[in-house]
Each structure stands twice: as C-alpha cells, then as structure tokens.
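Heads up, the thing below is written out as structure tokens.
The values are calculated or read from the model by the stated rules, or taken from the named source; none is laboratory data. Because the structure is a prediction, the values reported are computed rather than measured. FYI the Cβ positions are ideal-geometry reconstructions off the backbone, even for glycines, and counts take in every protein chain you see. The protein model used for the area step is the full one, side chains on, heavy atoms only, and it has no ligands, DNA or RNA in it. Shrake-Rupley method; radii C 1.70, N 1.55, O 1.52, S 1.80 Å.
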Amino acid sequence: MKSIAYSITQEVFDQFPKYVRGVVLAVGVNNQESPDELKQLLRAEEQSLHQRLNIDALIEHERIAAWREAFRQLGIKPSEYRSSIEAMARRVLRGGELPSINALVDIGNILSLRHLMPAGGHALDQVQTDICLRPANGQEEF
C-alpha cells in the first residue's frame, strides 16, 4: 500500500480554534451494496431526526449554527450555500429519503443524521497525492 500523508494547516485552526476533525482509516474493506438491515437503520435514523428536530429549528441547533457561522466568517452566505449536514437534514426533514448508495456511505449518513455532523469518505486507492485540509486557493483538483 502506498503512503499518503494527511494534514490540516495551522491556518484552519487559527481561524476556527474550536474545529475538531476525526479520521478513521479502514484497509481491505469490501464496500458493497448495503444489506437490508443497514438500509433499515438509515430509515430509522431519518425518522429519529423527525422526532428530535423540526425544520424551523434546524438552523438554531448548535451544530448547524456552528457551520453557518463558519460559512459567514468565510464570506459565504449560509442561506445560499448550505453545509452538507444542513442540506442533508433539510432534505430529510422535508420528507425526503436519502438514497442507499453503498454500505460505507450509508454508515456515514446514519452517523451524520444521528449526530448532526458531516461525515465523508475517500477511496484512497484512487488518491494520487497527499491530502491536506486548508483554505481553498482555486487550484484544487477533484
């Protein structure tokens, strides 16, 4: 397995001193379609969100409000460009279901809804360079 460095620039922490990020590395994962039990957990978490929160109170939730404030600090209007977790929660609270993509994405979505925090994943076998979380400079490749 090739070596890939993961880093976060100090500039991120200087601008957002309360920012916390977790990283999980899984090797040898066979990511397949979600089994029915996992899809049922996703549906249950959507229902749980409806029981815990309504769409009118969403932007006041401390975790959503923190992302909105970070966007404002970056000069981004959070009502025009929403964080991924706010967009996901809004979709669910408006009655939409999240599609089942595969097991790892579904697990991430379940955790995101449960804790109202963004979760993402990267297939590292597709990554060609080191990964660095930093302010964008306009030269990024995706």
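Table: residues versus (1) modelled with pLDDT under 95; (2) part of a helix (DSSP H, G or I).
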| site | (1), (2) |
| --- | --- |
| Asn30 | yes, no |
| Ser34 | no, no |
| Leu38 | no, yes |
| Leu42 | no, yes |
| Leu58 | no, yes |
| Ile64 | no, yes |
| Arg68 | no, yes |
| Arg82 | no, no |
| Ile85 | no, yes |
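Taking the stated definitions as given, is Lys77 surrounded by fewer than 13 Cβ atoms within 10 Å (Cβ to Cβ) and of a type in the set (Lys, Arg)?
In short, yes.
Could you list, in sequence order, the residues of segment 1-22 that are open to solvent by less than 100 Å² (accessible area, probe 1.4 Å), among the hydrophobic types (A, V, I, L, M, F, W, C) and modelled with pLDDT of 90 or more?
Ala5, Ile8, Val12, Phe13, Phe16
Starting from segment 82-110, keep only residues that are without any contact (Cβ under 8 Å) to a residue 60 or more places away in the chain, then list their pairs with residues that are surrounded by fewer than 13 Cβ atoms within 10 Å (Cβ to Cβ) and in a loop (DSSP other than H, G, I, E, B) whose Cβ atoms are within a distance under 7 Å, requiring at least 6 positions of separation or different chains.
Correct list of pairs: Leu93/Asn54; Gly108/Gly120.
What's the total number of residues in segment 121-142 that are assigned to a loop (DSSP other than H, G, I, E, B) and either surrounded by 10 or more Cβ atoms within 10 Å (Cβ to Cβ) or of a type in the set (Gly, Ala, Ser) (or both)?
8
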